[in-house]
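**Student:** Pasting in a structure now, in structure tokens, and then I'll have a few things to ask.
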Amino acid sequence: MRILVVQESDWIEKGPHQSHHLMERLSERGHEVRVIDYEILWRERENKEIVSKREVFRNVHKVVDEGGVTVIRPSIIKLPVLDYLSLVYTHRKEIKRQIEEFKPDVIVGFGILNANIAIRLAKKRGIPFVYYIIDELHRLVPQKYFQWLAKYIESKNMKNADKVISINEGLREYTTQMGAEREKTEVIRAGVELERFNPADRDAIRERHGIKDEDVVLFFMGWLYSFSGLKEVAMELARASEKHRNIKLLTLGKGDLWDTLQDIKREFGLDSRIIIVGWQPYEEVPKYIMASDICLLPAYKNEVMKNIVPIKMYEYMAAGKPVIATSLPGIKKEFGNDNGVIYVDRPEDVVKKAIKLIESGSIEEEGKKARKFVEKYGWDNITDEFERILEELT
């Protein structure tokens with residue numbers, strides 16, 4: 001198959017996400033994949049060019065050695081609002097070009113605007129379109145005043161797609177509420193590479209960051225959103241009694257709270273207890289998870305987080321780590337009770353819950369439950385399922 005992917009995020013800098021895992025594995029199996037992406041992080045770049053040039057990145061791979069995809073990045077105007085307006089024009093032009101030159105058998109969309117464009121162009125050419133949902137997309141639009149419009153377009157995409165795939169049951173319900181026909185929806189859960197998690201990697205990472213054998217490490221990885229709950233966890237760590245000074249917080253990633261966490265470290269003298277590490281190569285990530293004792297998803301109970309199940313949840317659990325998470329509806333529906341996920345009502349409750357796990361001696365037991373739950377979600381099985389859906393459509 002020839003598969004064209006359209007998305008409104010940076011394929012190269014962000015992730016790896018579900019899309020990277022699936023598309024690279026399909027490429028590894030002999031399918032040809034091209035991705036049209038968007039430089040979503042342009043505001044953070046030092047290069048302040050006003051109009052970017054179209055770029056093509058070949059043989060891009062993040063998760064498997066053999067599976068490379070071609071990433072095409074259309075030009076945009078790098079000014080607020082005009083970036084979206086220019087995207088509509090340049091992405092439409094690029095999608096039409098790829099339909100003519102690449103002749104895709106199927107188009108898979110992960111965004112809003114360029115997905116809407118791709119659906120309309122695909123229908124004219126009789127090309128099936130798959131809408132792949134891993135978030136309530138309109139809620140991620142940074143400009144609040146555009147979210148109503150984004151929701152309207154996203155809803156139209158749900159109604160007009162030939163197939164709507166969600167990453168969990170909570171998001172599947174969301175897609176039907178947004179207008180997708182139930183019989184056109186499917187759930188394909190996140191996958192895990194169980195063999196990537198090696199207990200022997202634990203000691204090297206802990207030694208690198210000055211973590212002692214008796215220390216208990218709470219771990220979070222990903223974008224440090226303001227609603228991630230990490231500020232609250234850090235503050236509760238600062239308030240912990242002397243008895244629990246061996247509890248440390250290790251974060252892996254970048255984002256909104258980076259400076260805030262650094263400030264908390266300085267203000268409360270937590271240099272040795274809060275360890276903040278930037279993005280690491282993909283092959284290093286499992287080592288950091290293995291170096292931890294308890295993993296965290298302490299996010300606020302807001303509309304953005306309500307129905308999503310981040311792929312990192314599966315990776316935490318595949319490493320045999322218990323996860324303390326706020327009781328988000330999507331998480332509870334996905335993992336239920338007694339499967340290695342321990343729920344709290346608020347991010348402020350995370351440290352207290354971790355102390356209970358430590359004092360009860362149940363960290364290892366809960367970690368085994370977590371590992372057992374995700375063992376059936378190997379990436380080969382997930383890719384088989386996705387490949388089957390695409391082949392049926394084409």
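**Student:** Starting from the stretch 81-143, pick out the chymotrypsin sites (Phe, Trp or Tyr not before Pro) whose DSSP state is loop and whose Cβ has at most 12 other Cβ atoms within 10 Å.
**Tutor:** On the way: sites: Tyr84, Tyr89, Phe102, Phe110, Phe129, Tyr131, Tyr132; in loops: Phe102, Phe110.
When the chymotrypsin sites (Phe, Trp or Tyr not before Pro) of the stretch 81-143 are filtered for loop state and at most 12 Cβ neighbours within 10 Å, nothing remains.
**Student:** For the stretch 276-394, what does the relative contact order come out to in percent, with C-alpha contacts under 8 Å and a separation of six or more? The partial results should precede the final answer.
**Tutor:** Values: 139 pairs, mean separation 30.7, N = 119.
Reported relative contact order: 26 percent.
**Student:** If you count, for each residue, the other Cβ atoms within 10 Å and average over each peptide, how do 307-318, 359-370 line up from highest to lowest?
**Tutor:** Values: 307-318: 24.5, 359-370: 15.0.
Ranking the peptides 307-318, 359-370 by packing returns 307-318, 359-370.
**Student:** Within the accessible area of the stretch 173-223, what % is carbon and sulfur when the probe is 1.4 Å and the other protein chains stay in place?
**Tutor:** On the way: 1090 of 2540 Å².
After summing per-atom areas, the C and S share lands at 43 percent.
**Student:** Hey, any idea what Rg/Rh is for the stretch 206-297, computing Rh the Kirkwood way over Cα pairs?
**Tutor:** Working: Rg = 12.3 Å, Rh = 13.3 Å.
Result for the stretch 206-297 is an Rg/Rh of 0.93.
**Student:** Report relative contact order for the chain in percent, whole number only (criteria: Cα-Cα under 8 Å, sequence separation at least 6).
**Tutor:** On the way: 737 pairs, mean separation 55.5, N = 394.
14 percent.
**Student:** Is the shape of the stretch 66-177 best called rounded, prolate or oblate, per the rule: a/c under 1.5 gives rounded, else a/b larger than b/c gives prolate, else oblate, with a ≥ b ≥ c the square roots of the Cα gyration tensor eigenvalues?
**Tutor:** Details: a/c = 1.62, a/b = 1.08, b/c = 1.50.
Note, shape of the stretch 66-177 comes out oblate.
**Student:** Also, quick follow-up: Please get the size of the charge dipole for the chain, origin at its Cα centre, with Cβ charges of +1 on Lys and Arg and -1 on Asp and Glu, quoted in debye to the nearest 20. List each step's numbers first, then the result.
**Tutor:** On the way: 64 positive and 65 negative charges, 245 e Å.
Dipole of the chain, to the nearest 20 debye: 1180 debye.
**Student:** Tell me what the chain gives for mean residue ellipticity at 222 nm when only DSSP H runs of n ≥ 4 count, each as -39,500 (n - 2.57), the sum divided by the residue total, rounded to 500 deg cm²/dmol. Intermediate results must be reported in sequence, preceding the final value.
**Tutor:** Working: 14 runs with 154 residues, N = 394.
One gets -12000 deg cm²/dmol as the mean residue ellipticity at 222 nm.
**Student:** Looking only at Glu181, Glu207, Glu154, which one moves most when the chain is put into a Gaussian network model with springs between Cα atoms under 10 Å?
**Tutor:** Among Glu181, Glu207, Glu154, the largest GNM mean-square fluctuation belongs to Glu207.
**Student:** Would you compute the Debye intensity of the stretch 95-139 from its alpha-carbon atoms alone, equal scatterers and no solvent, and pass along log10 I(q)/I(0) at q = 0.14, 0.21, 0.23, 0.33 Å⁻¹ to two decimals?
**Tutor:** -0.32, -0.65, -0.76, -1.28
**Student:** Hey, another quick one. When the Debye formula is applied to the Cα atoms of the stretch 166-262, each taken as the same point scatterer, what base-10 log of I(q)/I(0) results at q = 0.11, 0.18, 0.19, 0.21 Å⁻¹?
**Tutor:** Those come out to -0.57, -0.99, -1.03, -1.10, one per q.
**Student:** Roughly how tilted is helix 147-160, in degrees to the nearest 10 and between 0 and 90, from the longest Cα axis of the chain?
**Tutor:** With rounding to tens, the tilt is 60 degrees.
**Student:** Quick one: accessible area per residue over the chain, 1.4 Å probe, rounded to a whole number of Å²? Please report the intermediate quantities before stating the final value.
**Tutor:** Details: 17280 Å² over 394 residues.
Per-residue accessible area for the chain comes out at 44 Å².
**Student:** Further question: Between the helical axis of 113-125 and the dominant principal axis of the chain, each derived from Cα atoms, what acute angle in degrees is found, rounded to the nearest 10?
**Tutor:** The answer is roughly 40 degrees.
**Student:** A further question follows. To the nearest 0.05, how large is the calculated FRET efficiency for Arg43 and Gln262 if R₀ is 22 Å and r is the Cβ-Cβ distance? If you can, show how the numbers build up before the last one.
**Tutor:** On the way: r = 21 Å, r/R0 = 0.94.
Computed FRET efficiency for Arg43 and Gln262 comes out at 0.60.
**Student:** I would also like to ask the following. By a straight-distance test (C-alpha under 23 Å), which lysines pair with Lys78 as possible cross-link partners, with residues fewer than eight away in the same chain excluded?
**Tutor:** Straight-line reach from Lys78, under 23 Å: Lys14, Lys48, Lys53, Lys93, Lys96, Lys144, Lys254.
**Student:** Output the pairs from Lys231/Lys332; Lys332/Lys376; Lys62/Lys184; Lys265/Lys353 with a Cα-Cα distance over 26 Å in this structure; if there are none, say none. Before the final figure, lay out each step's value.
**Tutor:** Details: Lys231/Lys332 23 Å; Lys332/Lys376 18 Å; Lys62/Lys184 30 Å; Lys265/Lys353 22 Å.
The answer is Lys62/Lys184.
**Student:** Could you tell me how far the Cα centroid of the stretch 122-137 sits from the Cα centroid of the stretch 18-89, in Å?
**Tutor:** 18 Å
**Student:** Counting only protein heavy atoms and a 1.4 Å probe, tell me what percentage of the stretch 108-160's accessible area is made up of carbon and sulfur.
**Tutor:** Numbers: 1370 of 2340 Å².
Ligands and nucleic acids excluded, carbon and sulfur give 58 percent.
**Student:** What order do you get for 221-231, 379-389, 51-61 when each peptide is scored by the mean count of other beta carbon atoms within 10 Å, highest first? Could the numbers behind the result be given before it?
**Tutor:** Numbers: 221-231: 19.9, 379-389: 15.9, 51-61: 13.1.
Packing order, densest peptide first, comes out as 221-231, 379-389, 51-61.
The values are calculated or read from the model by the stated rules, or taken from the named source; none is laboratory data. Just so it is clear, the model here is predicted, and its values are computed rather than measured. Heads up, the Cβs are rebuilt from the backbone with ideal geometry, glycines too, and the neighbour counts pull from every protein chain shown. Surface accessibility is based on the protein's heavy atoms, side chains included, excluding ligands, DNA and RNA. Shrake-Rupley method; radii C 1.70, N 1.55, O 1.52, S 1.80 Å.
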